[in-house]
Amino acid sequence: MKEIGIMEVGGFRVGHAQNEEGATGCTVILCDRMSPAGLDVRGGGPASRESQILNPIAAAEGINAVLLSGGSAFGLDAAGGVQRYLEERDIGFETGVAKVPLVSQSCLFDLGVGDKTARPDGAMAYAACESAGYAAPAQGNAGAGIGCSIGKYRGIGRAMKSGFGTYALQAGALKVGALVAVNALGDVYGPDGKQLAGLLNREGTGLFSTLEEMFRDAASAAAPFSGNTTLGVVVTNAKLDKTRLTKVAGMAHNGYARAIRPVHTTADGDSIYALSLGDLPGDVNVVGVMAAQAMERAIVRAVQSAASAYGLTGWRDLGR
């Protein structure tokens, strides 16, 4: 198995758009053709649109696009911009009356960074579609990742900057990749098990463990925490139906669990989509294992690519 570029998976375009001053943005994944998709939501606070059509018992056999955005539930309006872009190009599900673009969307909570009144809307999402291409997308402070932060258990004042990341793997002819906007309550760990970023100490010069802090609070009624959600998309050239893709999305959450601690809390809306973009015969178990590894590495990339911004320290500036 070897690392490849995310766009080598094939069958899709990626576009970013953002409001840098407001610290919010969106990222669109446009499928070259209507593609089967699955979804697994593990966090307790998701904000999503057109998620039920991905249920294996729902009639829809594919979707045209996935949109990841900031803005919390306010950002759900943005998917209309993707629909407008696709409708203008006569792309969508043929109903016999009109072609209806099928766009699934999930939002993360970035209102605590930048301007809380700045939210992705249809115009921003349309701009993301216009910018979409087959070149590798920007990582770090870009698109849905621009307002992302991690390590927020003690509040945004001790959090760190995170962002958007990608990673892809190939085994034989099989290709599996991950794209992710990392906006977690918890800390991020590398493949070696060492903490990379997250909750800062009081001086802002080093790291505390969020898990240890939570354990210290176990016997008390700690203040509620919010403002999170990590959003991911798995892409593969394997031909899988949405039942199997739902399983792949679930297995990809193992990548979340390896890299983010804690994860899947009631304060997170952690979600992963999985898209089948090719016709290669592929085993769901192999795809799922590769998806988990790609997602773990994409999360690390998102953190290591993020630059300090909005008063939040990035990984490259930690301790300097």
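Mean sequence separation of contacting Cα pairs (under 8 Å, at least six apart), scaled by the length of the range 135-269, corresponds to a relative contact order of 26 percent.
Over the range 79-183, what is the relative contact order in percent, taking alpha-carbon pairs closer than 8 angstrom and at least six residues apart? Mind dumping the intermediate values first?
Working: 141 pairs, mean separation 21.9, N = 105.
The value is 21 percent.
Of Asn285, Gln304, Ala181, which is farthest along the charge dipole of the range 180-320 in the positive direction, counting Lys and Arg as +1 and Asp and Glu as -1 at C-beta? It is Asn285, whose Cα lies furthest towards the positive end. Rounded to the nearest 5, the antiparallel percentage of DSSP beta bridges internal to the range 191-320 is 20%.
Arrange the residues Thr205, Thr230 by how much accessible surface each exposes, largest first, with a 1.4 angstrom probe.
Values: Thr205 85, Thr230 0 Å².
I get Thr205, Thr230, largest accessible area first.
Run the helix sum for the chain: -39,500 (n - 2.57) per DSSP H stretch of 4+ residues, divided by residue count, reported at 222 nm to the nearest 500 deg cm²/dmol. Don't skip to the end; give the middle numbers.
Values: 5 runs with 67 residues, N = 320.
My calculation for the chain gives -6500 deg cm²/dmol from helical runs alone.
Cα centroid separation, the range 188-204 to the range 32-54: 30 Å. Per residue, the accessible area of the chain comes to 39 Å², computed with a 1.4 Å probe over protein heavy atoms only.
Around the Cα centre of the range 238-309, unit charges on the Cβ atoms of Lys, Arg, Asp and Glu (plus for the first two, minus for the last two) sum to a dipole of about 80 debye.
Report the extension gain between Asp217 and Thr243 in nm, rounded to one decimal, defined as 0.36 nm multiplied by the number of residues separating them, less their alpha carbon distance.
On the way: separation 26, 0.36 × 26 = 9.36 nm, distance 4.00 nm.
Length gained, Asp217 through Thr243: 5.4 nm.
All other residues whose Cβ lies under 14 angstrom from that of Ser271 are scored, Lys and Arg at +1 and Asp and Glu at -1, for a net of -2. Of the solvent-accessible surface of the chain, computed with a 1.4 Å probe over protein heavy atoms with every protein chain present, carbon and sulfur atoms account for 50 percent. Take each peptide in 168-175, 279-286, count the other Cβ atoms within 10 Å of every residue, and average; sorted highest first, the result is 168-175, 279-286. Stretching Asp115 away from Met1 to a fully extended chain increases their span by 36.7 nm, per 0.36 nm per residue minus the current alpha-carbon distance.
The relative contact order of the range 1-100 comes to 23 percent, based on Cα pairs under 8 Å that sit 6 or more residues apart. If R0 is taken as 51 Å, the Cβ-Cβ distance between Thr205 and Val97 corresponds to a FRET efficiency of 0.25. Exposed loop sites here mean GluC sites (Glu not before Pro) with a DSSP loop assignment and at most 14 other beta-carbon atoms within 10 Å; the chain contains its longest site-free run at 62-202. Per the Debye calculation on the range 184-313 with a single equal scatterer at every Cα and no solvent contribution, log₁₀ I(q)/I(0) for q = 0.11, 0.15 Å⁻¹ amounts to -0.46, -0.77.
Couplings for the range 162-175, taken from phi via the Karplus curve 6.51 cos²θ - 1.76 cosθ + 1.60 with θ = phi - 60°, read 10, x, 10, x, 9, 6, 9, 10, 9, 10, x, 8, 7, 10 Hz in order; Gly and Pro are left as x. In sequence order, the range 24-36 has phi-based couplings of 8, x, 8, 9, 10, 10, 9, 7, 5, 9, 4, 10, x Hz under the Karplus curve 6.51 cos²θ - 1.76 cosθ + 1.60, θ = phi - 60°, and Gly or Pro positions carry x. When the chain is treated as a Gaussian network with alpha carbon springs shorter than 10 Å, the biggest mean-square fluctuation among Ala302, Ala219, Ala58 belongs to Ala219. Only lysine pairs 8 or more places apart or on separate chains count here, and in the chain those with Cα atoms under 25 Å apart total 15. For Gly278, nonlocal amide neighbours, meaning residues 5 or more places apart or on other chains whose placed amide H falls under 5 Å from its own, are Ala238.
The values are calculated or read from the model by the stated rules, or taken from the named source; none is laboratory data. Given the structure is predicted, the values throughout are model-derived calculations rather than measurements. A quick note on method: Cβ atoms are made from the backbone with ideal geometry, for glycine too, and the neighbour counts reach across all protein chains shown. In case anyone asks, the SASA skips ligands and DNA or RNA and just uses the protein heavy atoms, side chains included. Shrake-Rupley method; radii C 1.70, N 1.55, O 1.52, S 1.80 Å.
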